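The values are calculated or read from the model by the stated rules, or taken from the named source; none is laboratory data. If you're wondering where the values come from, they're calculated on a predicted model, not measured in any experiment. FYI the Cβ positions are ideal-geometry reconstructions off the backbone, even for glycines, and counts take in every protein chain you see. Accessible surface is based on the protein model in full, side chains and every heavy atom, while ligands, DNA and RNA are left aside. Shrake-Rupley method; radii C 1.70, N 1.55, O 1.52, S 1.80 Å.
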Amino acid sequence: MAGGFGCDMGELPAPPAAMAWILYALAIVGAAIGVVGLLTGWLPKIGRLRWISSPAAARMTALAELLLSVSALIAALGVGFMSRHVEPPHWLATAELVIVPAAAFLEWQARRIDQRSRPSPSI
């Protein structure tokens, strides 16, 4: 073992296995927030979610959150493969290419719905 990382000289060391567990935890938290948001139309008032006020926009944002938790799960699977020095399947990258833009589109739509539902300021 030339570099002490268990890989040949010239190769990058594998990502730590703890990173996969962190991504699994993020996926679980995101899925929990997404399910609560879909069922109730309420999201916790943290970060960017603070600005969502209508239930329809909250449900659409919750759906985007569910998609992003699936994305974190897929990333955790990829990191798990790489930490064992195994090339991850190519469908993981393809799934990320579909899921992340779909979640971004849903968040954009949620903001549009939320802006439409707010009353216009009277002068």
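Odds and ends about this structure:
- Just one of the numbered conditions (1) part of a loop (DSSP other than H, G, I, E, B); (2) more than 19 Å from the chain's Cα centre (by Cα) is not true of residue 42: (2).
- Exactly one residue out of 27, 58 is crowded, with 19+ Cβ neighbours inside 10 Å and either farther than 14 Å from residue 110 by Cα or within 11 Å of the chain's Cα centre (by Cα) (or both): that is 27.
- A single entry from 76, 102 fulfils the requirement of being modelled with pLDDT of 95 or more and either acidic (Asp, Glu) or part of a helix (DSSP H, G or I) (or both): 102.
- Near pairs, Cβ below 7 angstrom, 6+ apart or cross-chain, from segment 107-118 (part of a helix (DSSP H, G or I)) to any residue that is among the polar types (S, T, N, Q) and open to solvent by 60 Å² or more (accessible area, probe 1.4 Å): 114/53
- In segment 63-82 there is at least one residue matching the filter, namely being within 15 Å of the chain's Cα centre (by Cα) and of a type in the set (S, T, N, Q).
- Residues that are in contact (Cβ under 8 Å) with a residue 24 or more places away in the chain and over 18 Å from residue 31 (Cα atoms), drawn from segment 57-102: 79, 80, 82, 83, 84, 85
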